[in-house]
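Reviewing the structure listed below.
Here, each number is a calculation from the coordinates, and none is a lab measurement. Computed from a predicted structure; not experimentally measured. Reconstructed Cβ throughout: ideal geometry from the backbone, glycine too, with neighbour counts over all protein chains shown.
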Amino acid sequence: MTTTRKKIKLETKNLSKSFGSKVVLHGLDLKVRENESLVVLGGSGSGKSVLIKTIVGLLKPSSGKVLLDGDNITDLDNKSRNNLMSRFGFLFQGGALFDSLTVWENIAFYLIHNKYIEEAEARKIAEEKLSIVGLGKGVLDLFPSELSGGMKKRVALARAIANDPEVIFFDEPTTGLDPIMKNVISDLIAKFRNEFGATTVTITHDIDTVKTIATKVALLHKGKIAWTGKSKDIYDSGNKIFDQFIHGRVSGPIKVEGVHEKD
Amino acid sequence: MEFIRKVGGVTLGFFQDVGKVSNFSFIAIKAMISSPIYFSEIVQNFIRIGFFSIPVVGMTAIFTGAVLVLQTYTGFSRFAGESTIPTVVVISITRELGPVLAGLMVAGRVGSSIAAEIATMKVSEQLDALRTLAVNPFRYLVVPRLIACTLTLPLLVLIADIIGIFGGYVVATGKLNFNKALYLSNTVAYLQAEDVISGLVKAAIFGFIIAISGCYSGYNADQGAESVGTATINAVVMSSVLILFFNYITTQIFFAT
């Protein structure tokens, strides 16, 4: 099968991040092509969140760089960083909706504060984005505290796509949701890529999510990429670390603190 | 040896904190004079910080004025100095008690809520979310609170002054049988503009301190629910101590001039 390879959208080169003497990311090289869906797997505390936050610039890397369309986006001044954010969408693990604002104000937040669009138009866009994630206009004027966990996630998704971003980041999108809601969110992530042409980067420890949304998979272990490959190859990766992870085996190269392996 | 090390550690820690707070204030002031300014946030905080603090500040002031009259009467009647009571009350309230007590009450009420709110936003990644939506959290959260607090505290103190003096008047005329007209004329007779102005300048400084303490403590909260509580405590302790410290400094400055 031959397909024309799409150009590289996002790339990290030798990306490292440490907090004090604790090294979390250890020289990572990752490539995501345009319209690809990269899923970075990793156990708790493997540095997944740090990776995604370092890529978007919420954290400063200790060394190495991040490239978007070939341009170095590592050391930007505030203004360029803000401009860059218009090309990114970010879904936080807990949604991170602003408690003091209504649903529509949350969704249109970027547009109101950066594009200075009128309230009526912002509301209309919010309604439109809300319908993409499958919610009706009845929730527009509710506050985040009045929403269920799954609805919060969907509103947060609507906010992440409010500005039609080129690259969307998902931090543990399905954690803490029931099995049905998990599929709803996974399908939406796949939809953003398939229908809107977005490039997506997802970090998760949920194998089911991988099957629905990933085109490319990477496993983060001890601050390094232990394995990377296509999503169809995950069950015959030939990599001991990856194999242990997706089958959830207690014994193997990934050591769990306080758990003794059986012989 | 261990003792000296501990003293050194505490001293270093103290100066480190002073440095961090100064740096935070500097960044905040810099953000204050650059665009964009979020006017609707400023107005909201004005109402939340200023308007809703009026009852607590008013209650504090009225009882302070009342008790001040009783206490000064106890002392001053010993040497037949009752006629100076209105002057003592008005000067004490405008120069000192109004700003300090209102400052401490607002520190408890507003400083803690600012710290808790920003700490919660940090813990739930809302500060990060602001940055991914291309909005500087300093300009969106810190600056409006700073402006609102610095501007509303003088207004609150002005209200506290009036209510406090009224509290004194009620007790003096109602309980201690002072002549109403004489009490009022004595209240304003020796009052100078500087008395009121120095109190209001203090109030503005205290307002700034309360907002900075609240924002700084919230912004530097660690992860987890406990850290929200810690941030709240830090904000109240820090703003109260700083208010008392800068109260002395400003009094000293106004005293010398």
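Data for the structure
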{"quantity": "All aspartates and glutamates inside 15 Å of A:Lys232 as judged from Cα atoms, apart from same-chain residues fewer than 8 positions distant", "calculated": "A:Glu36, A:Asp208, A:Asp243"}
{"quantity": "Distribution of pairwise C-alpha distances over chain A, 5 Å bins, in %", "calculated": "1, 6, 13, 16, 18, 17, 13, 9, 5, 2, 1, 0, 0, 0"}
{"quantity": "Degrees, to the nearest 10: B:112-123 long Cα axis against longest axis of chain B", "calculated": "10"}
{"quantity": "The range A:125-223: relative contact order in percent, alpha carbon pairs under 8 Å with at least 6 residues between", "calculated": "25"}
{"quantity": "Loop sites in the range A:6-90: trypsin sites (Lys or Arg not before Pro), DSSP, at most 16 other Cβ within 10 Å", "calculated": "A:Lys6, A:Lys7, A:Arg87"}
{"quantity": "Of A:Lys216/B:Lys122; A:Lys65/A:Lys191; A:Lys13/A:Lys216; A:Lys6/A:Lys60, pairs whose Cα-Cα distance is over 24 Å", "calculated": "A:Lys216/B:Lys122; A:Lys65/A:Lys191; A:Lys6/A:Lys60"}
{"quantity": "Most mobile listed residue (B:Leu242, B:Leu155, B:Leu176) in chain B, GNM with C-alpha springs under 10 Å", "calculated": "B:Leu176"}
{"quantity": "222 nm mean residue ellipticity, helices alone, for the protein assembly as shown (DSSP H n ≥ 4; -39,500 (n - 2.57); rounded to 500)", "calculated": "-17500 deg cm²/dmol"}
{"quantity": "Percentage relative contact order, chain A, counting C-alpha pairs under 8 Å, at least six apart", "calculated": "24"}
{"quantity": "Rg over Rh [alpha-carbon atoms, Kirkwood Rh] for the range A:30-141", "calculated": "1.01"}
{"quantity": "Counting DSSP beta bridges with both ends in chain A, the antiparallel % (nearest 5)", "calculated": "55"}
{"quantity": "Selected from A:Leu25, A:Leu41, A:Leu147 as most flexible by GNM, with chain A as the system and alpha-carbon contacts under 10 Å", "calculated": "A:Leu147"}
{"quantity": "Estimated FRET transfer efficiency when R0 is 22 angstrom, pair A:Leu142-A:Asp208 (beta carbons, to 0.05)", "calculated": "0.15"}
{"quantity": "Alpha-carbon gyration tensor eigenvalues x 5, square-rooted, for the protein assembly as shown, Å", "calculated": "57, 26, 19"}
{"quantity": "Rel. contact order, % - alpha carbon contacts under 8 angstrom, at least six apart, the range B:54-160", "calculated": "42"}
{"quantity": "Environment charge at B:Gly199 (Cβ cut-off 14 Å; Lys +1, Arg +1, Asp -1, Glu -1)", "calculated": "-2"}
{"quantity": "DSSP loop GluC sites (Glu not before Pro) with at most 12 other Cβ within 10 Å: longest gap in chain A", "calculated": "A:119-256"}
{"quantity": "Centre separation in Å (Cα based) which lies between the range A:151-176 and the range A:191-215", "calculated": "11"}
{"quantity": "Cleavage-rule hits, chymotrypsin sites (Phe, Trp or Tyr not before Pro), the range A:54-159, DSSP coil, Cβ neighbours within 10 Å at most 15", "calculated": "A:Tyr116"}
{"quantity": "Hydrodynamic radius (Kirkwood) for the range B:104-230, which is based on Cα pairs only, to one decimal in Å", "calculated": "17.1"}
{"quantity": "Share, in percent, of DSSP beta bridges within the protein assembly as shown that are antiparallel, nearest 5", "calculated": "55"}
{"quantity": "Fluctuation leader among A:Ser100, A:Ser21, A:Ser237 - chain A, Gaussian network, Cα springs under 10 angstrom", "calculated": "A:Ser21"}
{"quantity": "Share antiparallel - DSSP beta bridges, the range A:121-263, percent rounded to 5", "calculated": "55"}
